[in-house]
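Heads up, the thing below is written out as structure tokens.
Please treat every number below as a calculation from the coordinates, not as lab data. Computed from a prediction, not measured in an experiment: that's the story for all the values here. Positions of Cβ are backbone-derived with ideal geometry, glycine not excepted, and every protein chain shown enters the neighbour counts.
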Amino acid sequence: MRILVATDGSPDAANAVDWLAHVPLPADATVEVVSVIPRPIMNEAVVRTPWSELQAHTERTLAEVCGRLAGRWPAATARVLHGDARQAIAETADRDGADLIVVGARGLGAITAFLVGSVSLGVARHAPCAVLVCKGTPRPVRTVTIALDGSPDAAAALAFFSALPLPGDLTVRLVGVVQPLGQYAASAAASAALAIALTQYEEGLREELQRPLESAATTLRPRVKAVVTTMPVGLPADVIVREARTSDSDLIVVGARGLGPLKRVLLGSVSESVLAHAHCPVLVVRQRP
């Protein structure tokens, strides 16, 4: 596995590095730590500018992060990238064949009140590989919530997670969300026929979700302490976040896109909403071309 760890020296970036001590990742992974700074606007050989200081400071930050990772990945390397952070990180991951990008939820941008910053969200939207967005207090990963909806990206998320060196004491919650028909549900009481139709629709969705949930449970049960499956009714992102919070999950795993109509987008509305509101790290996985 090739892992790209992006840092900007912010507290959230440092938090993401701390999370890496707990997330089950291969010990033999190839790890590179990167940080992005603007391109120099003048020839440094002629005129020394504050850019030189920024470059030196960034190199020190990278060396510090590599030192913190040395206990697990002693061969971790570091590189300074130049340009727009979102673009540079995604392009580097694509060029180097990265399997996973790790970022903090927020960086050093001006708007730090957001739960997910523009860089981490931009990377999750445009990365060619899986992205782990870290938030919350770093702790051992004991409970994981995995969202499954029968989509190819959800299947890719399950496959990515299943390939990790999972701890034997792990509890996995498999969540399939039965999405209501919205405005039709409000008038169900006025029509017995409509009520029957809505019930049949819901039962059909449950049957469709049952297959990927059962398949995932069969795959994971031999490797972890417990597997729990649930199919609540509600809006997918809200249900996933609620289920993860109720079970005090330490990690949420979602596909980048579900079965919604906008299949052209790289990051679906459900996964983006989960990223925005989750209390813990979120692993977003998309199919590789």
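What is the gain in length, in nm to one decimal, between Val80 and Arg68 on full extension, counting 0.36 nm per residue of separation less the C-alpha to C-alpha distance? Numbers along the way, then the final one.
Numbers: separation 12, 0.36 × 12 = 4.32 nm, distance 1.76 nm.
Value of the extension gain: 2.6 nm.
Per 0.36 nm of contour for each residue apart, how much would the distance between Arg39 and Thr246 grow if the chain were fully extended, relative to their Cα-Cα spacing?
Values: separation 207, 0.36 × 207 = 74.52 nm, distance 4.51 nm.
Length gained, Arg39 through Thr246: 70.0 nm.
What nm distance separates the two modelled labels at Arg206 and Val233, each placed 7 Å from Cα along Cα→Cβ?
Placing both labels 7 Å along Cα→Cβ, they lie 0.9 nm apart.
By how many nm would the segment from Glu214 to Asp169 lengthen if fully extended, with 0.36 nm per residue of separation less the alpha-carbon distance? Could you put the intermediate results ahead of the total?
Values: separation 45, 0.36 × 45 = 16.20 nm, distance 2.04 nm.
Roughly 14.2 nm would be gained on extension.
Each residue of region 70-84 in order: what ³J(HN,Hα) in whole Hz does its phi give by Karplus 6.51 cos²θ - 1.76 cosθ + 1.60, θ = phi - 60°, with x for Gly and Pro?
Along region 70-84, the couplings run 4, x, 9, 10, x, 8, 4, 10, 9, 8, 8, 9, 10, x, 6 Hz.
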